[in-house]
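Presented below is the structure to which this report refers.
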Amino acid sequence: MMDLRGCIFDLDGVIVDTAKYHFMAWRRLAKELDFTFTLEDNEALKGVSRMASLEILLNKGGIHVSEEEKARLAARKNGWYVEFISGMTPDEILPGSIKLLRALRRKGILTAIGSASKNAGTILDRIGLRPMFDAIIDGNKIHKAKPDPEVFLRGAEEMNLPPSSCVVFEDAQAGIEAAIAGGMKCVGVGSPELLGRADLVIPDLRKITIKQLTNL
Ligand code: BG6
Ligand code: MG
């Protein structure tokens with residue numbers, strides 16, 4: 001049994017379904033560059049930073065461009081993405097998120113966001129969840145992208161907790177690897193085929209109990 005004192009949540013795909021907006025924006029960019037980018041291709045981009053995602057996408061299209069052009073393409077994608085998320089409402093919070101956050105906080109378990117996104121703050125404000133987190137670590141605060149554990153270690157540090165007393169919730173393979181590398185227990189949110197390395201895999205946050213978490 002673990003001494004559970006903090007939970008660190010990835011944002012995109014765990015608390016809120018922004019993965020679809022990232023996909024729509026990348027697919028649009030691929031279309032402009034004259035190749036098809038599928039939902040399956042998109043899996044490799046989850047949890048990965050904007051520039052690293054662009055590299056994967058260009059690789060898929062067999063496209064070589066200058067660093068300057070890469071910066072322009074990433075900004076173009078982000079422009080569309082920001083437009084998509086600017087209309088988000090609390091209705092887009094994924095089922096079970098609020099109930100779980102409330103239950104954890106009632107028990108005195110701290111909560112944090114550990115996201116690779118530089119847009120995490122905008123999203124949290126749009127959906128009104130900022131007050132539910134004791135620490136928010138996003139792509140603006142970190143230097144090394146998942147699977148490096150920096151984002152989660154920083155989350156534990158800002159909560160003043162040892163990594164071993166924290167559980168990470170992640171929908172991306174890179175995020176699961178990051179949690180493992182950081183010495184944290186990890187719950188995969190999504191399909192067991194993709195997230196098999198997690199300590200526990202659940203389809204969404206609806207049914208998870210604190211007891212299950214302390215038993216990890
Ligand atoms: C992660 C997403 O949370 O943030 C990735 O899973 C995304 O798909 C990354 O590329 C960076 O996001 P942003 O908003 O800074 O481009
Ligand atoms: Mg994610």
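The values are calculated or read from the model by the stated rules, or taken from the named source; none is laboratory data. Everything quoted here is computed from the prediction, not taken from an experiment. A quick note on method: Cβ atoms are made from the backbone with ideal geometry, for glycine too, and the neighbour counts reach across all protein chains shown. Surface areas here come from the heavy atoms of the whole protein model, side chains and all, with no ligands, DNA or RNA. Shrake-Rupley method; radii C 1.70, N 1.55, O 1.52, S 1.80 Å.
Answer yes or no as to whether I56 is closer than 18 Å to A116 by Cβ, out of contact with any strand residue (DSSP E or B) (no Cβ under 9 Å at 6 or more places or on another chain), among the aliphatic types (A, V, I, L, M) and within 16 Å of ligand 2 (Cβ to nearest atom).
yes
For region 42-64, does any single residue satisfy the condition of being of a type in the set (A, V, I, L, M) and more than 16 Å from ligand 1 (Cβ to nearest atom)?
Start the filter on region 42-64 by keeping residues that are of a type in the set (A, V, I, L, M), which leaves 44-45, 48, 51-52, 54, 56-58, 63.
Still in the list and also more than 16 Å from ligand 1 (Cβ to nearest atom): 63.
Checking region 42-64: at least one residue is of a type in the set (A, V, I, L, M) and more than 16 Å from ligand 1 (Cβ to nearest atom).
Give the residue, chosen from A178, A156, A135, that is buried (at least 17 other Cβ atoms within 10 Å of the Cβ) and within 14 Å of ligand 1 (Cβ to nearest atom).
A178
Just one of A75, A71, A52, A120 is in contact (Cβ under 8 Å) with a residue 12 or more places away in the chain and either under 26 Å from Q212 (Cβ atoms) or not assigned by TED's automatic domain parsing to the domain that holds T209 (or both); which is it?
Within the list A75, A71, A52, A120, the selection yields A52.
Select from region 184-207 the residues that are hydrophobic (A, V, I, L, M, F, W, C) and open to solvent by less than 20 Å² (accessible area, probe 1.4 Å) and write down the one among them that is nearest to L101 (Cα to Cα).
Taking the candidates together, the pick is L205.
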